[in-house]
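Each remark here refers to the structure printed beneath this line.
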Amino acid sequence: MGASMTQHTPGPWTAEDIPGQPRHMFRIADAENCLICESESTRPDGWANARLIAKAPEMYAFIHRLVWPWTNFDAALADEARALLREIEGDKT
């Protein structure tokens, strides 16, 4: 991707919802199931936030391909963006 890419734990990352009362615990792990982060939330949108965090490496890579170089933009990238958004939104299809 180029020398300008930030250094982070490589994806894919996964989000796991660990229900609890009255809070939910969310765990984000890498492909080897090593912990990236854990968070506790009472917010109703906590699980959606965890899914969004888990998709961070893919979103970064996608945006990077989209804009560097700009000439890579095409319909296949638009389809990939829609699929990524569906995953972030929790759509299993």
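State the number of residues belonging to the range 11-35 that are open to solvent by 50 Å² or more (accessible area, probe 1.4 Å), among the β-branched types (Val, Ile, Thr) and within 13 Å of the chain's Cα centre (by Cα).
Here the count works out to 1.
Pairs please, first residue from the range 40-61 and within 27 Å of GLU80 (Cβ to Cβ), second anywhere and open to solvent by 50 Å² or more (accessible area, probe 1.4 Å) and part of a helix (DSSP H, G or I), Cβ atoms under 8 Å, 6+ apart in sequence or on different chains.
ARG51/GLU87; LYS55/GLU87
Would you tally the residues in the range 1-24 being in contact with a strand residue (DSSP E or B) (Cβ under 9 Å, 6 or more places away or on another chain) and modelled with pLDDT of 90 or more?
5
Which of the residues belonging to the range 37-93 are open to solvent by less than 80 Å² (accessible area, probe 1.4 Å), part of a loop (DSSP other than H, G, I, E, B) and either under 21 Å from PRO12 (Cβ atoms) or at pLDDT 75 or above (or both)?
ASP45, LYS55, GLY90, ASP91
The values are calculated or read from the model by the stated rules, or taken from the named source; none is laboratory data. Keep in mind the model is a prediction, meaning the values are calculated, not measured. Glycine gets a Cβ as well: all are built from the backbone with ideal geometry, and neighbour counts include every protein chain shown. These accessible areas exclude ligands, DNA and RNA; they are computed on the full protein's heavy atoms, side chains included. Shrake-Rupley method; radii C 1.70, N 1.55, O 1.52, S 1.80 Å.
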